[in-house]
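Below: one structure, written as structure tokens.
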Amino acid sequence: MRDGEVSQSALARAAGVDRSTISQLLAPDTARLPNAQVVAACATALGVSADWLLSLSDRPESAAQLLSTSLSLTEAPRALVDERIYAWHREAEGYKIRHVPAALPDMLKTRALIEWEYKPHLGRTADQAIGASQDRLDWMRQAQSDYEIALPLYEIDTFARAEGYYSGVSREIRLEQLDRLERLSTQLYPRLRLSLFDARRLYSSPITIFGPLLSVLYLGSHYLAFRDRERIEIFTAHFDRLVREAAYGARDVPRYLRGLREQITGVNLPIRP
């Protein structure tokens, strides 16, 4: 009441009670406790939570206010040049970033695959989009952040066979992309860890967890971002289970990628150093 300069009479009118009721509640020696309706009415009038008025919470914000600060819905453009997601990466610099991509990870794609995949959607030039992908990879290399990616096994398998979403991708693009994935997953380990999970056992929607700061669920046209600790911990536990029960861990992925390449070419390659 002091902070909002609300008088007893004004609070009584807003809460729909007698002024004497408010006076009794404020009296230092009163033993009277208000009923739930009065508590709710006073909380609404004062813009605080009922739990805080009853000393059941240390946060004075109402549930709606808490929700609005812990959850946000942001438009997700269908292009690599996405300042919102890049800003979240910069905010989380120094923390581990966990990522389940919607397709193959953008920052690990070849130029040819990016051009094939994003050409119908790019609002800027292909060079700008490809530059954004390279910037993300450079940031990961330079920042003091570990990057862990969990990819559904079917995603890389359907890509290698040019099926489903990847129908029409040429043999040359697929081979170049598999080489790039193998090279980066080997060169950047352990800063970059790529694992493959079996979605028949464990399923995951596309998510990114930026350390303890926020978790982001990708809906296709929008990002749903959570900043409250409880939900971030739930998302983190979900991701860690994907990695823990992965069909192929980070050390095994290069070998699996080589196997896919050999299926396409029929040629066994020497193991990379």
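Just a few scattered comments:
- Shape category assigned to the stretch 8-61 from the gyration tensor of Cα positions, a/c cut at 1.5: oblate
- Burial order of peptide ranges 42-54, 216-228 (average beta-carbon count within 10 Å, highest first): 42-54, 216-228
- Interchain or long-range residues, amide H under 5 Å from H222's placed H: A76
- In order through the stretch 246-257: 3J(HN,Hα) via Karplus (6.51 cos²θ - 1.76 cosθ + 1.60), integer Hz, x for Gly, Pro: 5, 5, 9, x, 4, 6, 8, 4, x, 5, 5, 5
Where a number appears in this text, it was derived from the coordinates with a stated rule and is not lab data. Quick caveat, the model's predicted, so the values are computed rather than measured. So basically every Cβ, Gly included, is an ideal-geometry build from the backbone, and we count neighbours across all protein chains shown.
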